[in-house]
1. Looking at Ser47 and the list (1) closer than 19 Å to Ala144 by Cα; (2) in contact (Cβ under 8 Å) with a residue 12 or more places away in the chain, which single condition is not satisfied?
2. Could you tell me which residue of the range 59-91 is nearest to Ala23 (Cα to Cα), considering only residues that are among the hydroxyl-bearing types (Ser, Thr, Tyr) and touching a residue at least 60 places away in the same chain (Cβ under 8 Å)?
3. Tell me which residues, restricted to the range 195-237, are modelled with pLDDT under 90 and either outside any helix (DSSP H, G or I) or charged (D, E, K, R) (or both).
4. Just to verify a result, which residue in the range 157-177, among those that are touching a residue at least 40 places away in the same chain (Cβ under 8 Å) and under 21 Å from the mean Cα position of the chain (by Cα), is farthest from Ile109 (Cα to Cα)?
5. Looking for something outside any helix (DSSP H, G or I) and under 25 Å from Gly69 (Cβ atoms) - is there at least one such residue anywhere in the range 121-131?
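The values are calculated or read from the model by the stated rules, or taken from the named source; none is laboratory data. In this text the structure is predicted, and so the values were computed from the model without any measurement. Neighbour counts are summed over all protein chains in view; Cβ atoms, including those assigned to glycine, are modelled from backbone coordinates with ideal geometry.
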Amino acid sequence: MFINRFIDLINKRAMLVLIPRIATAIFILLQIVGMIAYPGGTLHDVSTEGYSFTNNFFSDMGTYAARNGDPNYLSMIIFAFSLTIVGITFSFYYLVLPNVLGEDRINYILAIIGTVFAIGGSICMIGTGLTPSDIVHDPHVFFANNIFHCFLITAFVYTIVIFRSEILKKRYSIGYGLFFISIFAYVGILQYGPPATAGESELVFQVVSQKMIVGVFCFSVLHQTFGFAQSGVLERI
């Protein structure tokens, strides 16, 4: 198949270790820069100056105008660029995984399923960055929420794949299992948690929950890279 020949051309060590680490570092750095560039304003207080870590969502950085009404062009561009980098990186990362962890027919089929949803989630990442919530709110919410819906399935499937695989140690399946539980909890918050519009405490709860799941996301990716970086792991494929 063409897709398999294409994957064979990809340097697996670079795609599974080096590039995800660089992309994660760039993402974190750009989020910090975007926060610094954000003019100000929160959902419940438009008079605040700058970005509030507990009262501003990540998506606030991606709006055309800040919540205080000031232009937000720089932060918006940074936000879109950072999510595009991560979305493209994750698409290729998960595209390679079935060829690495699909040691038998069951693992290969499960890995393909996990990868399909991962690519869907990666597309939603890019879509989230390219849809400012103050201009195209509904598409933005659709993309933002489906990042986690897609990766919920990916995390569940790859927990099984890694557990069944002989490539990575079993502790990496435990890490992916914790990743799945974290996303499952956050999806529950999205569906049943108090709306951020209800009050400031509810806003803080939603914002901090979002920050935590993004942190777990970054840690999970970095954790997996150490598994693939171990001597002899990728050489066995």
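1. Status for Ser47: all satisfied but (1).
2. It comes out as Thr89.
3. Answer for the range 195-237, where residues must be modelled with pLDDT under 90 and either outside any helix (DSSP H, G or I) or charged (D, E, K, R) (or both): Gln230, Ser231, Gly232, Val233, Glu235, Arg236, Ile237.
4. Within the range 157-177, the match that is farthest from Ile109 (Cα to Cα) is Gly175.
5. Yes, that holds for at least one residue.
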